1. Being crowded, with 18+ Cβ neighbours inside 10 Å and more than 43 Å from the chain's Cα centre (by Cα) is the filter here; which residues of region 389-419 pass it?
2. Tell me which residues, restricted to region 188-207, are surrounded by 13 or more Cβ atoms within 10 Å (Cβ to Cβ) and in a helix (DSSP H, G or I).
3. One residue is enough: does region 278-295 have a residue meeting the conditions assigned to a strand (DSSP E or B) and either without any contact (Cβ under 8 Å) to a residue 12 or more places away in the chain or over 17 Å from residue 141 (Cα atoms) (or both)?
4. Looking only at region 148-174, which residues are more than 30 Å from residue 6 (Cβ to Cβ) and within 16 Å of the ligand (Cβ to nearest atom)?
5. Output yes when any residue across region 40-52 is within 16 Å of the ligand (Cβ to nearest atom) and at pLDDT below 95, and no when none is.
6. Starting from region 252-265, take each residue that is more than 16 Å from residue 289 (Cα to Cα) and list its partners that are at pLDDT 95 or above and more than 12 Å from the ligand (Cβ to nearest atom), counting only C-beta distances under 7 angstrom and pairs at least six apart or across chains.
7. Show me the helices (runs of 4 or more DSSP H) found entirely inside region 1-118 where at least 1 residues are free of Cβ contacts under 8 Å to residues at least 12 places away in the same chain and surrounded by 11 or more Cβ atoms within 10 Å (Cβ to Cβ).
Ligand code: AMP
């Protein structure tokens, strides 16, 4: 053991688990393609100001969770804590408003937040996200949720419920902020320190408190739904009607506010009970003012981010069990045949696109077979004196113990066959 350890909150992903990660990502690509999404890859480093301006200075992410530093020229940089802001920046910088709208993009990759590590919470975590920019009709809200639900269903999840809420437009939120403040101000003595701070800068965030006493206090508070303007109410109603029409299971959760400043109108989360406190697998919502606030075109957007670490942690066995961990056939040279002869055969098989490996050490047949068995090898290709001379190979099935000599030209047909 050396003194070198991975950074707290980060981890190595090793095989065979990485095969599951790849399979999840492959499926995301496949399902998102059905809806016309294409991949975007933005830099992991961004100017710190981007997140301050969009996610918001008063949010937990910006105020205490970012990995920020100055580079050698004194630029303030941050390892991205999320990607919606980056996608918005890239949209503006690359002039994507000239593309056919809406623009549909997805991303997959690592993100960084300085949080207290625990199950389902890491300092380097991975998100699979999608953004639909340039359309604000309820159909787009519904399509984004439908795509997400389809992806999760294909992964084998059952019984997941979408938690849905509307934050309304800025006018709705301003009205609600005022109502909530006047309700809580006289009761501020009953609030914890964190919520008292939020009361000044961002009272909506108090709604997602986990504190039981604060929750009781909020039970009689004015409701966000009552402050929605006519337009916001109509939009939310239309989104719900569409989700009903497509049979998406959701519940309206008026306490759902999401922790990022750029959200407006529809917000949603999907949680898994298995995860306990860190139960959200997906978070998303609409951000109609984000591009404009960055100096870009006044175009709306909506998107979501799936926490891939949490997804893999709670993946139904029906999906993870299907990901193949099969050990490839092993070519063993015995007698006069050398490992390099086994290499020849293996390269021929690889020319045909077949996986195989070579026992590189010279061992007795008995010990080579024992090792193969321990590694879970199911098929062994034996190359001995006789085989070499006759231009043949002995194929041995480890499970049944059956074996057969076949001409070298026909080995490929036997690789992977059951017997
Ligand atoms: P957010 O960008 O905060 O809306 O998060 C979207 C999703 O990313 C969450 O629902 C989580 O599944 C995942 N996530 C956020 N932060 C972390 C973290 N520190 N570790 C693991 N997953 C995370």
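1. Of everything in region 389-419, those that are crowded, with 18+ Cβ neighbours inside 10 Å and more than 43 Å from the chain's Cα centre (by Cα) turn out to be 392, 393, 394.
2. Selection gives 190, 194, 195, 196, 197, 198, 199, 203, 204, 205, 206, 207.
3. Yes.
4. Taking region 148-174 as the starting set, the residues that turn out to be more than 30 Å from residue 6 (Cβ to Cβ) are 148-150, 153-154, 156, 158-174.
Scanning region 148-174 gives 148, 149, 160, 161, 162, 163, 164, 165, 167.
5. No.
6. 252/164; 252/165; 253/164; 253/165; 254/165; 256/165; 257/167
7. Details: elements: 17-34, 48-51, 84-93.
Output list reads 17-34, 84-93.
The values are calculated or read from the model by the stated rules, or taken from the named source; none is laboratory data. No experiment lies behind these values; they were computed from the predicted model shown. Every residue, glycine among them, receives a Cβ derived from its backbone with ideal geometry; neighbour counts consider all protein chains shown.
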